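In what follows, a single structure is set out as structure tokens and then discussed.
The values are calculated or read from the model by the stated rules, or taken from the named source; none is laboratory data. Because the structure is predicted, anything quoted here is derived from the model rather than measured. Because the Cβ atoms are built from the backbone with ideal geometry, glycine has one as well, and the counts that use them run over all protein chains shown. Note: accessible area is taken over every heavy atom of the protein model, side chains too, but ligands, DNA and RNA are not part of it. Shrake-Rupley method; radii C 1.70, N 1.55, O 1.52, S 1.80 Å.
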Amino acid sequence: MNILGISCFYHDAAACLMKDGIVVAAAEEERFTRKKHDTSFPINAVNYCLKEGGIVINQVNYIGFYEKPLLKFERLLSQHLEMFPLSFWSFYNALPSWLNEKLRVPSVIRKKLKYKGDVLFIEHHLAHAASAFLVSPYEEAAILTVDGVGEWATASYGYGKGSDITLLKELRFPNSVGLLYSTVTAHLGFSVNNSEYKVMGLSPYGKPAYYDNFKKIVNIQEDGSIEFDMDYFDYHYKMTMPSKKFIEEFGPIRNPTDEVTQKHKDIAASLQKITEEILFKMLNHLYKETKMKNLCMAGGVALNSVANGKITKNTPFKDVWIQPAASDAGTSLGAAAYVHNTIIGNKRKYVMKSAYLGPSFSMGYIKNFLDNNKIAYKTFKSDEALVKMTARLIYENHVVGWFQGRMEWGPRALGARSILSNAANTKMKDILNLKVKHREHFRPFAPVVSKEDVYDYFEIDKDEEPFMLFVYPFREDKRKLVPSVVHVDGTGRLQTTSKEENPLYYGVIKEFEKLSGVPILINTSFNIRGEPIVCTPENAYKCMMGTGIDYLVMEKFLIKREDNPKDMWDSEKIARD
Amino acid sequence: MHHKLYKQNIVHGIYMLKKVLNAIKSVLEPISKVIANVINFILLAIVYFIGVGMVSLAMKLFGKHFLELKKQNKAMENKGVSHESNWQEHTVTKQPLEQYYRTF
């Protein structure tokens, strides 16, 4: 049985294919169109999924769509009816896309895919819940989903047992943790639905001096439910988010080109504190209601890895599993899983142990690309040679683009489309920023560590963290060994890997350990600033040649940037945030 | 010989016609976009101010609200701690297959 899940038209369009209960392919549309957070119908992602699954569209039994469009439209209309006549410009901007495609989803799907079968609609937060629970390792678990907003719900909780999910209660628009975080993101001069993680990374530099200010605008109950004073927000009727009253309270909106001051850092710290307070109260309430030790989470707010790393310390939950594509892209997987397991009633048999669900490229394909474009390269004779050479290049403080196997699913680079460099070099953060990433100075780089060494380096209560969704403190005595991946508060958003999960990636780490004594590398996403993570060999080569990446290891091929001067270009000229 | 000349003339004529039509298109296209935007604006403004506006004003006369805003503001105004949970009942369990064909 083949189930195709689709999410699109809001942000992070994606597709996922489930064959007989196994996720065989999943990808975000942005990777193909090179348009970050692409909202359009994910035709490229769908085509990839079908190709990877070895099927054509008329072999798809059901398509699962990630929300109920008419319910969402009801909420949108309610906003305009409530806020008339202030919401005209928002109405003018939104309505055409609703009339053109969002209200005509079944016919859009049938036309674009030439599909004649059935389309099933799953409520948005249910799709989030399914994306976490139905592919988790748990037979039963409590479930919490928290995001900006779906149809009406901004958060919901319940539980899963076997192949069934029951959601019990929800928080409704306009009271939304996700929208609060986005409002502050906008106020701090960063882009909404794109840069919330930057605010999270900024927070350790500040003190929660504005905590009481936030308490004025957010009323938090003991059960974690919240009420906003909507006088401080504009998002329910305007294209902007913080209102004049918010600006009076927290100061003027930061221009993106202005310096980030201590005040901004303090606002970020206060926001993080209040977000964690809300989340932990929600989770403690959820535990009281379900008494389950396992927890599954999804929704955009579940990407707040700083909060995630504190869950087991602040709640009774013992084990936590979060969908790697926790934002809206993951709802395509959730929709497919819900159709297969819950609606049709099939027993679950798939656990998501790996996020490597995207396209891979054969040696033949890559060789043709290199030869046709007259690119100078060398070929490794064996995996051993590849691993040894890559480790040596990293040890010698080169920046290495790493392109291996199937592309990752979700926003994190996890050793398939990564940039790797020397975490032990105190200057490597500056080198990476100067040569390649051009990021804000306050943003940390993330570590990848071999699974068996994680306890030596981190204060962590489990031995694996494959999806880079949790932040943990480094052990104090180890911080000076890997200065380039230790954040200002002594933490790191780690990824663990093992020989079974990713043999080459693991091999490079172990070889690097032989040279340096440290089994940790910097792992950052392989992309030009402002672009999605690379997908194809063409993207990877173009990224290397447009930045300061020194070497590209693409399957068994080694390409040196300096050997190909004809293809050099400056990506900063087109980069945008 | 005449045939060849005749064919060449036709091909040349078609080529020139294409050039002229493309030139006209390049002038008319931006104008048509402006006209489309103006018409869209007028139509959406009519829908908003008459359609949405009339319903909104009528419902407000009956005291109906579409978003729960005043409740929050009132709670904040009182500056007390409201002990009421804001979680709302919304039980979602497995439904019969037909329910999932609905977009609402």
Exercise for review: Report yes if some residue within segment A:388-403 is within 30 Å of A:V320 (Cβ to Cβ) and either open to solvent by less than 10 Å² (accessible area, probe 1.4 Å) or assigned by TED's automatic domain parsing to the domain that holds A:E538 (or both); otherwise report no.
Suggested key: yes
Practice item. Mind counting the residues in segment A:135-144 that are part of a strand (DSSP E or B) and either open to solvent by 10 Å² or more (accessible area, probe 1.4 Å) or touching a Ser or Thr at 6+ places or on another chain (Cβ under 6 Å) (or both)? Key: 2
Check your understanding: Here are some residues: A:G117, A:G64. Which one is more than 30 Å from B:G51 (Cβ to Cβ) and either within 8 Å of chain B (Cβ to nearest Cβ) or surrounded by fewer than 22 Cβ atoms within 10 Å (Cβ to Cβ) (or both)?
Key -> A:G117
Point to revise | Unmet requirement for A:E29, which otherwise passes all of (1) free of Cβ contacts under 8 Å to residues at least 24 places away in the same chain; (2) of a type in the set (D, E); (3) within 14 Å of another protein chain (Cβ to nearest Cβ) | key: (3)
Review point. Limited to segment A:145-166, what total is found for residues that are open to solvent by 10 Å² or more (accessible area, probe 1.4 Å) and of a type in the set (A, V, I, L, M)?
Key: 1
Check your understanding: Looking only at segment A:251-264, which residues are part of a helix (DSSP H, G or I) and open to solvent by less than 30 Å² (accessible area, probe 1.4 Å)?
Key -> A:H264
Review point. If A:D212 passes every condition in (1) outside any helix (DSSP H, G or I); (2) open to solvent by 60 Å² or more (accessible area, probe 1.4 Å); (3) not hydrophobic (A, V, I, L, M, F, W, C) but one, which one does it miss?
Key: (1)
Review point. Inside segment A:500-523, can you point out the residues that are of a type in the set (S, T, Y) and surrounded by fewer than 24 Cβ atoms within 10 Å (Cβ to Cβ)?
Key: A:Y506, A:S516
Review point. Of all the residues that make up segment A:24-45, how many are assigned to a strand (DSSP E or B) and open to solvent by less than 10 Å² (accessible area, probe 1.4 Å)?
Key: 3
Practice item. Please enumerate the residues belonging to segment A:86-103 that are facing chain B (nearest Cβ under 10 Å) and in a loop (DSSP other than H, G, I, E, B). Key: A:S87, A:L103
Review point. For segment A:168-175, does any single residue satisfy the condition of being open to solvent by less than 10 Å² (accessible area, probe 1.4 Å) and either more than 8 Å from chain B (Cβ to nearest Cβ) or in a helix (DSSP H, G or I) (or both)?
Key: no
Practice item. Give the residue that is nearest to B:E84 (Cα to Cα), with candidates limited to residues of segment A:219-275 that are within 14 Å of chain B (Cβ to nearest Cβ) and hydroxyl-bearing (S, T, Y). Key: A:S225
Practice item. Filter the helices (runs of 4 or more DSSP H) completely within segment A:300-380 down to those with at least 1 residues that are within 15 Å of the chain's Cα centre (by Cα). Key: A:305-308, A:330-337
Review point. Counting only residues that are of a type in the set (F, W, Y) and not in a helix (DSSP H, G or I), how many does segment A:506-530 have?
Key: 1
Check your understanding: In segment A:543-577, what residues are in a strand (DSSP E or B) and open to solvent by less than 10 Å² (accessible area, probe 1.4 Å)?
Key -> A:L552, A:V553, A:M554, A:F557, A:I559
Point to revise | Residue pairs meeting the criteria (Cβ under 8 Å; at least 6 apart or on separate chains; first over 21 Å from A:F317 (Cβ atoms) and at pLDDT 95 or above, in segment A:134-157; second among the aliphatic types (A, V, I, L, M) and open to solvent by 10 Å² or more (accessible area, probe 1.4 Å)) | key: A:G148/A:L179; A:V149/A:L179; A:E151/A:L71; A:W152/A:L71; A:T154/A:L179
Exercise for review: Output the residue which, of all residues in segment A:176-187 that are of a type outside the set (A, V, I, L, M) and either assigned to a helix (DSSP H, G or I) or within 8 Å of another protein chain (Cβ to nearest Cβ) (or both), is nearest to A:F233 (Cα to Cα).
Suggested key: A:T183
Point to revise | Of all residues making up segment A:444-478, the number that are of a type in the set (D, E, K, R) and buried (at least 21 other Cβ atoms within 10 Å of the Cβ) | key: 1
